[in-house]
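S.K.: Got a structure for you, written out below as structure tokens; questions coming shortly.
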Amino acid sequence: MPGASQITVSRAESSTGSSAVARSDERVRLQDVCIVHGRGDQAVVAVEGVDMHVGAREIVSIVGHSGCGKSTLLRAIAGLLPNASVQGRISVMGRSPDEARRSGLISMVFQESVLAPWRTVERNVTLPLEVARGRTRTPRRTASEQLELVGLKGYEKRYPKQLSGGQRQRVSLARALMMEPEVLLMDEPFGALDEITRDEMHSELLRIWETTHVSIVLVTHSLAEAIFLSDRVVVMSSHPGRVADTIEVDFPRPRRTDLKDSPEFSRIAHRIRVSLEHNR
Amino acid sequence: MPGASQITVSRAESSTGSSAVARSDERVRLQDVCIVHGRGDQAVVAVEGVDMHVGAREIVSIVGHSGCGKSTLLRAIAGLLPNASVQGRISVMGRSPDEARRSGLISMVFQESVLAPWRTVERNVTLPLEVARGRTRTPRRTASEQLELVGLKGYEKRYPKQLSGGQRQRVSLARALMMEPEVLLMDEPFGALDEITRDEMHSELLRIWETTHVSIVLVTHSLAEAIFLSDRVVVMSSHPGRVADTIEVDFPRPRRTDLKDSPEFSRIAHRIRVSLEHNR
Amino acid sequence: MTTAAAPTTSVAEPPVRAEIPPAARAGLLLRVFRITRSWLVLGSAVVLWQVVVEVFGIAPYILPAPSEMIASFADNAGLFLDGLLMTTLMSLGGFGVALVVGVALAVLMARSALFEELVYPFLNIVRVMPTVAVAPLLIIWFGRNALPIIICSFLIAVFPILVDVAHGLTSVDEDLVSVMKLANASELSILLHVRIPNALPYLFSSFRVAAPGAVVGALLGEFIGARRGLGYLITVYSAQLNTAAVFVLALLSCLVGIVFFNVCVWLERIVVPWRTVVR
Amino acid sequence: MTTAAAPTTSVAEPPVRAEIPPAARAGLLLRVFRITRSWLVLGSAVVLWQVVVEVFGIAPYILPAPSEMIASFADNAGLFLDGLLMTTLMSLGGFGVALVVGVALAVLMARSALFEELVYPFLNIVRVMPTVAVAPLLIIWFGRNALPIIICSFLIAVFPILVDVAHGLTSVDEDLVSVMKLANASELSILLHVRIPNALPYLFSSFRVAAPGAVVGALLGEFIGARRGLGYLITVYSAQLNTAAVFVLALLSCLVGIVFFNVCVWLERIVVPWRTVVR
Amino acid sequence: GGSSSSADVPAGGPTPLKMAFEWTCSGDWSVVYSGLEQKIFEKHGLALTYDRGQGGSDTVPMVAAGEFDVGLLGAAPTIIGAGQGLPITIVGAAATSGPVTILASPDIKQPADLEGRSLAVQTDQFEGAMWEAYVKATGIDGSKVEVIPADDATTAEFLAGKIDALVVFYPTASTQAVLAARPDLTILPMQDHVPAYGHLMVANNRYLAEHPDAVRGFVTAWSESAKWVVDHWDQAYQLLVSKCPEVDPAALKFSMEAYFDGYTGGYAKEHGIGTFEIAGIEKTQEVLESAGLAKDRPTAEFVSLDYLPSQPIMP
Ligand SMILES: Nc1ncnc2c1ncn2[C@@H]1O[C@H](COP(=O)(O)OP(=O)(O)OP(=O)(O)O)[C@@H](O)[C@H]1O
Ligand SMILES: Nc1ncnc2c1ncn2[C@@H]1O[C@H](COP(=O)(O)OP(=O)(O)OP(=O)(O)O)[C@@H](O)[C@H]1O
Ligand SMILES: Cc1ncc(C[n+]2csc(CCO)c2C)c(N)n1
Ligand SMILES: [Mg+2]
Ligand SMILES: [Mg+2]
């Protein structure tokens, strides 16, 4: 592939071999993971033979067709699926997902905003902090500071029902960011946002990423978003979900917004697009 | 603006004057619409002084920042808001939204997928048909044909809980398309879909649009989508929501996908982006 | 670099089905145990009861031993089973009417706040009104037959059904109602296709209260004036100070309640499979 | 071409507040009518009752006229009000215990399917067990005091609370529980911050059944052995064939039920403002 | 009299004694109210406490269980219970005449007139047993009487003239209410043909073994109090009325008179208040037995004449 100096595309199979040697800075590692939804006659293999890893302070995006198993994968990493349905090995900072979750290492933004209807926006954002056991760190920001950063100043006392779709999604986002986790799992967190708000959220996410040690796994449908934010883009195929390609994105950081207009950027995007088309 | 031969940008105010003369092919018309959410102390003006019209077989997109009032506007057109909270005049095919709704002229895809958890995918799609009073037309497609067109063949007997986010959104889409309405209101119908699936949905939508007389109002955050699909893009400003700009998109139809790479396309996109940035 | 020649059909393939190893299925013995364990616990309770009565020498006129009760039942099996049948029929009748009337009233309440406001005081009155106070009225109005008994049963069973179903009918997804309205669905269609399915888990939940309630109501009805049924037999044997028989009859009443209850729970699993219990 | 120099702050401005014209508010008279209309209907029912009794010449020992009932109340006001007070206290006691125990059991059931399976049969037994059958037992175990009465009240009130709260605790948003689990929230936190708020509308719904139930239970308890309270007075006046007094007492019982009920409905509006009723 | 028992006062202060009534406040309560007020129970070394019962069938077991030490209970539930081996002993009789009475419409003058008419009776209970015995004793044709099983509506129907006769427990407020509504009714006491006892004094066997003197004191004190009531009728009545505000004074008056007819008439008139003979118990037992309600247990096992007043207390 011509001029792909900053691009490394590796076959899923080949990367499996090399990554068998665990790296010290590894945060998330999936080995030969297979996940089944449902039981008995209804059982459906959602993902199969998935190998993946996320290093410290890395941002890894997952792209793939609707229904290929992205959300399922995130839930598995977060330890939210019943043990019986997950086969293979998943480790988060050297621990099982369950343990990692219990150590408060993981935070997650769900695909559809998950808010408590009986709590105001502000108290939805503080909910995990209120209940986090064994947590001693005080958050860097107050809830209203965090809400201001996601553009929801003045909405603190509203109830979720009184918000627009995008506003609800930003409340979910603010809640996950408040936790300052080691591993942040995001399932299409900016899907309901317009481009400008989305760009603001990107900046906000990168600002947090820069000042902390957070590793991020981001599910997105926007290739531009995936490339702009990530160190690596994982392309998944469907039925069942497998890792089809892993594309390293080596643009130096901090990245400027006009990077998106560069030919390199377009080339990576094209590369991913081709890969996606080949891996329906 | 140089080379903007295919672009017409009109101030919201100026378009109001000219459109006061009702056109015969007009499907949807909003005049000085103001919508208030909540009551008493909690009351919030969502949109104010909105003028807008959609002609026969026109596709009009609405873009604007998160929370600017797009969903509110669609609900008002569909006659789903309490009468007391809507001021100004809205007419759909010469009738009030309520009447138009009762004549089965309107179909809507909601921002978040709205499915009956107790019905299978297939029976969710047929739900509106089963209950539509005074409807005599038989649908052109069966539910499973429609599901195949949105890429959900083989999912007919699943329950909504057993679907991915994007799959649920496509079920909602299939349900609205089954109705073959005169006016189709779509609130970010493709938000949870990957690019390829999204493109397929675009083709499917345009196919239906070509073979019927449907007028479409589409809320979207993707400018490319807005431009590629629409005859006109309405840019809304926030707090309260107003029509800031109306941009005519005069590309001839049928439009080919590579249109998106044309400089004209980029110029319109840029134009909208500037408008959006000026109208926070 | 990519997997070669992946099929590029425009339509997604149907999902792959997984094979679950048979080991994951519960063994037959385990399943038998699961089905019977609540009866096992009841059985142990009975044994414990017998032991307690014998060890502490509790007098039979206070708390008869299960063995005495079994003897009493054996002596009067025909009579008691006839009572059981009657009470079961009366409870079923009351429950059936409560189901129909409760759902109907709930629908009316879900349609109109005014109706709710006007009807609740009356319902409260009929619910709280002590049977002894209105017993002569009930018998004089409805005759010396099954009707007053069914009415008593109905009055207790209708309340939970009504309240829970009204709750279920009004806590539907607003947007789903909007979808229906956009299809120009009639209120009846919205009721049948959205509200009622949504209220079904609430209905079944209410059965857990209404089913034993219907039995209690039938017993009360039989106390005030009947010639058959467990409630009537209880008054007769109680006047004869036959505590063992009274307890057998009371437990037979409970049996009706438990069977009713379990039928409802079993129906619930079949009728509302989409309700997921989040523990 | 665009509106000139729109502010381009990075943070969205707070929403604009709307002014609602005062005409949209209901007039005072209308509001007074709204608050009193259910009492107006009750009042008309009383008048109708009087007319029916007089026109059809219904004997007072079958259905006394409201006027006779008012006279009876006037004659015995002190005694009746004392009964009202007692029954109110007993019902409150039973209701309070039912609230605590019902919610506690519901929590245990929501935690464990096994617990649910094992506990329901026993609960059914205590619910269905006829009071007359166990009355001597209750008195021997709990003494000749308020306790058996409160227990009767409790037994009827606890069931709907338990069932509805268990329903509410288990029909939470699974993802919200996931959010809590990701924060390493304890089961207690999940209970307090997710399950219980989610169950609150169910709890208040159950009160509509439990509140009148608590009153009925207190009355039943007073029937079996008390020397004060409306239930006791009803048995005494019923033995005197004083139907007017019995009806007054029965209606006072209903009054307790209705007041309880309305207090619960009123509390519901305050405590669960986020529950939207979709009509 | 009555001074004879004062020797029973134990050195360690009065003996606590819990007494059960069969039902709540009615004419029979005046004995206890007056006796307490006049310190007659105290004089016999008793610290008497009392409570209402919940009907004979619930209260007899409670005396047997020791929840109460003694009870003033109907003969029927007492003999039925004792027949089943309940640990109780009949130690005295308040009323040696039975309370079961037929109230009949005025044109019914004698038992034979019941033929061809309707009669409401609690068929499966004591009244039913009495009715069967009554039919036998009077020689009327029972098959010609339309027997209606009594329920909560039969009294109202009787008042409305839809039923011709009603079997009642005579000394109750409800009888008074019926008679007040239809003063011309014919009263046919079953006692006239079927001998049966009314209220009995019943003691718990364990209490009896531990405190025989207290039981003896109770029977005597109760009888002395009854005599005091007869001697101070109006005062006792006023006391009863003040203690039982929930019962209509007219009903109390009726009930008191009816009970005291039994307490001081017949056998008591000749042998003293509170006393009885075993034959009377046996006759009542026979009636119950023939209806299948009671078992044939030797009366010696549950009846004792040892606790009767040492000297007859004549009314
Ligand atoms: N029920 C409500 N009560 C009060 N305010 C509301 C209510 N619903 C919406 N709003 C407010 O009205 C405004 C417009 O909401 P709307 O949902 O129309 O926005 P939107 O343009 O669709 O946004 P998004 O792109 O995020 O979906 C928002 O600021 C929102 O906070
Ligand atoms: N509870 C379930 N039972 C059965 N199948 C399920 C269940 N949940 C998900 N699936 C299936 O598993 C596959 C993966 O689902 P998942 O939600 O992970 O997809 P996704 O990649 O997140 O898709 P999207 O982009 O549409 O959100 C889908 O085909 C879906 O239909
Ligand atoms: C002498 C006499 N014997 C038996 C009873 C029976 N009894 C106990 S409670 C009750 C119910 C009153 O409504 C009745 C009839 C009585 N009262 N008086
Ligand atoms: Mg997903
Ligand atoms: Mg919206």
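S.K.: Return the residue satisfying two criteria in turn: it lies in the range A:101-111 and is in a loop (DSSP other than H, G, I, E, B) and buried (at least 20 other Cβ atoms within 10 Å of the Cβ), and of such residues it is modelled with the lowest pLDDT.
M.R.: Going residue by residue through the range A:101-111, those that are in a loop (DSSP other than H, G, I, E, B) are A:103-105, A:110-111.
Now restrict to residues that are buried (at least 20 other Cβ atoms within 10 Å of the Cβ): A:104-105, A:110-111.
Values: A:GLY104: 86, A:LEU105: 89, A:PHE110: 95, A:GLN111: 92.
Filtering first and then ranking leaves A:GLY104.
S.K.: Scan C:ASN184, C:ASN145, C:ASN198 and give me the residue that is at positive phi and either open to solvent by 10 Å² or more (accessible area, probe 1.4 Å) or in the same structural domain as C:TYR120 (by TED's automatic domain parsing) (or both).
M.R.: Only one candidate qualifies: C:ASN184.
S.K.: Mind listing whichever residues of the range B:121-163 are out of contact with any Phe, Trp or Tyr (no Cβ under 8 Å at 6 or more places or on another chain), among the β-branched types (Val, Ile, Thr) and more than 7 Å from chain C (Cβ to nearest Cβ)?
M.R.: Once the filter is applied, which keeps residues that are out of contact with any Phe, Trp or Tyr (no Cβ under 8 Å at 6 or more places or on another chain), among the β-branched types (Val, Ile, Thr) and more than 7 Å from chain C (Cβ to nearest Cβ), the range B:121-163 yields B:VAL125, B:THR126, B:THR136, B:THR138, B:THR142, B:VAL150.
S.K.: Within the range A:94-116, count every residue that is within 16 Å of ligand 4 (Cβ to nearest atom) and of a type in the set (Asp, Glu). Walk me through how you get there before you give the answer.
M.R.: Kept after step one, since they are within 16 Å of ligand 4 (Cβ to nearest atom), are these residues of the range A:94-116: A:108-114.
Next cut, of a type in the set (Asp, Glu) only: A:112.
The qualifying residues number 1.
S.K.: Hey, another quick one. If you take the residues in the range D:236-270 that are touching a Leu at 6+ places or on another chain (Cβ under 6 Å) and away from chain E (no Cβ under 13 Å), which one is surrounded by the fewest Cβ atoms within 10 Å (Cβ to Cβ)? Show your work before the answer.
M.R.: First, the residues of the range D:236-270 that are touching a Leu at 6+ places or on another chain (Cβ under 6 Å): D:249, D:252-253.
Next, only the ones that are away from chain E (no Cβ under 13 Å) stay: D:252-253.
Numbers: D:LEU252: 21, D:SER253: 31.
So the residue we want is D:LEU252.
S.K.: Only one of (1) within 17 Å of the chain's Cα centre (by Cα); (2) of a type outside the set (Asp, Glu); (3) within 16 Å of ligand 5 (Cβ to nearest atom) is not met by A:ILE196, so which one is it?
M.R.: Failing condition for A:ILE196: (1).
S.K.: Residues in the range B:188-206: is at least one over 21 Å from B:ALA46 (Cβ atoms), more than 10 Å from chain A (Cβ to nearest Cβ) and of a type in the set (Val, Ile, Thr)?
M.R.: No, the range B:188-206 contains no residue that is over 21 Å from B:ALA46 (Cβ atoms), more than 10 Å from chain A (Cβ to nearest Cβ) and of a type in the set (Val, Ile, Thr).
S.K.: Still on this structure, please answer the following. Residues to consider are C:LEU220, C:LEU233, C:LEU176; find the one that is among the hydrophobic types (A, V, I, L, M, F, W, C) and away from chain E (no Cβ under 14 Å).
M.R.: On the way: C:LEU220 fails: away from chain E (no Cβ under 14 Å); C:LEU233 fails: away from chain E (no Cβ under 14 Å).
Answer to the check: C:LEU176.
S.K.: Right, something else. I want to confirm something. Restricting to the range E:18-32 and keeping residues that are over 12 Å from the mean Cα position of the chain (by Cα) and part of a strand (DSSP E or B), which single residue is farthest from E:GLY56 (Cα to Cα)?
M.R.: Filtering the range E:18-32 for residues that are over 12 Å from the mean Cα position of the chain (by Cα) and part of a strand (DSSP E or B), the one farthest from E:GLY56 (Cα to Cα) comes out as E:LYS18.
S.K.: A follow-up question, please. With respect to A:TRP118, is the statement that it is more than 13 Å from chain D (Cβ to nearest Cβ), open to solvent by 10 Å² or more (accessible area, probe 1.4 Å) and away from ligand 3 (no atom under 16 Å from the Cβ) true?
M.R.: The answer is no for A:TRP118.
S.K.: So which of D:PRO136, D:PRO121 ends up being facing another protein chain (nearest Cβ under 9 Å), buried (at least 24 other Cβ atoms within 10 Å of the Cβ) and modelled with pLDDT under 90?
M.R.: D:PRO136
S.K.: For the range E:124-144, indicate whether the set of residues that are assigned to a strand (DSSP E or B) and either crowded, with 20+ Cβ neighbours inside 10 Å or within 14 Å of chain C (Cβ to nearest Cβ) (or both) is non-empty.
M.R.: Checked against the condition, which is being assigned to a strand (DSSP E or B) and either crowded, with 20+ Cβ neighbours inside 10 Å or within 14 Å of chain C (Cβ to nearest Cβ) (or both), the range E:124-144 yields no hits at all.
S.K.: Can you pull out the residues in the range D:117-157 that are more than 24 Å from the chain's Cα centre (by Cα) and either part of a loop (DSSP other than H, G, I, E, B) or in contact (Cβ under 8 Å) with a residue 40 or more places away in the chain (or both)?
M.R.: D:VAL132, D:ALA135, D:LEU138, D:ILE139, D:GLY143, D:ARG144, D:ASN145, listed by residue number.
S.K.: If I filter the range B:183-190 for residues that are of a type outside the set (S, T, N, Q), open to solvent by 10 Å² or more (accessible area, probe 1.4 Å) and away from ligand 2 (no atom under 16 Å from the Cβ), do I get at least one hit?
M.R.: No, every residue in the range B:183-190 fails to be of a type outside the set (S, T, N, Q), open to solvent by 10 Å² or more (accessible area, probe 1.4 Å) and away from ligand 2 (no atom under 16 Å from the Cβ).
S.K.: Tell me whether the range B:224-238 contains one or more residues that are buried (at least 24 other Cβ atoms within 10 Å of the Cβ) and acidic (Asp, Glu).
M.R.: No, because not a single residue in the range B:224-238 is buried (at least 24 other Cβ atoms within 10 Å of the Cβ) and acidic (Asp, Glu).
S.K.: Count, please, the residues in the range A:244-279 that happen to be modelled with pLDDT under 90, within 14 Å of another protein chain (Cβ to nearest Cβ) and surrounded by fewer than 18 Cβ atoms within 10 Å (Cβ to Cβ).
M.R.: 5
S.K.: Quick check, is D:SER153 in the same structural domain as D:LEU220 (by TED's automatic domain parsing), of a type in the set (Gly, Ala, Ser), at pLDDT 90 or above and crowded, with 21+ Cβ neighbours inside 10 Å?
M.R.: yes
S.K.: Now for a different question. For the range D:212-228, what are the residues that are within 15 Å of D:ILE151 (Cα to Cα) and more than 19 Å from the chain's Cα centre (by Cα)?
M.R.: D:GLU222, D:PHE223, D:ILE224, D:GLY225, D:ALA226
S.K.: So which helices (runs of 4 or more DSSP H) stay within the range D:176-250 end to end and still have 2 or more residues that are away from ligand 1 (no atom under 16 Å from the Cβ), without any contact (Cβ under 8 Å) to a residue 60 or more places away in the chain and within 30 Å of D:PRO130 (Cβ to Cβ)?
M.R.: Because the criterion is at least 2 residues that are away from ligand 1 (no atom under 16 Å from the Cβ), without any contact (Cβ under 8 Å) to a residue 60 or more places away in the chain and within 30 Å of D:PRO130 (Cβ to Cβ), the helices (runs of 4 or more DSSP H) in the range D:176-250 that meet it are D:196-225, D:230-239.
S.K.: Also: Out of the residues in the range B:65-112 that are within 14 Å of chain A (Cβ to nearest Cβ) and of a type in the set (Lys, Arg), state the one that is nearest to ligand 5 (Cβ to nearest atom).
M.R.: B:LYS70
S.K.: At negative phi and in contact (Cβ under 8 Å) with a residue 40 or more places away in the chain: which single residue out of B:VAL243, B:VAL274 fits that description?
M.R.: B:VAL243
S.K.: Still on this structure, I have one more. Looking only at the range B:181-193, how many residues end up being over 14 Å from the mean Cα position of the chain (by Cα) and more than 16 Å from ligand 1 (Cβ to nearest atom)?
M.R.: Going through the range B:181-193 one residue at a time, the tally reaches 1.
S.K.: Select from the range E:229-284 the residues that are on the phi > 0 side of the Ramachandran plot and either open to solvent by 30 Å² or more (accessible area, probe 1.4 Å) or of a type in the set (Asp, Glu) (or both) and list them in ascending order.
M.R.: E:GLY266 - this is the single residue of the range E:229-284 that is on the phi > 0 side of the Ramachandran plot and either open to solvent by 30 Å² or more (accessible area, probe 1.4 Å) or of a type in the set (Asp, Glu) (or both).
The values are calculated or read from the model by the stated rules, or taken from the named source; none is laboratory data. Keep in mind the model is a prediction, meaning the values are calculated, not measured. Positions of Cβ are generated from backbone atoms using ideal geometry, with glycine treated the same way; all protein chains shown enter the neighbour counts. Please note that ligands, DNA and RNA were not included when accessible areas were found on the heavy atoms of the full protein model with its side chains. Shrake-Rupley method; radii C 1.70, N 1.55, O 1.52, S 1.80 Å.
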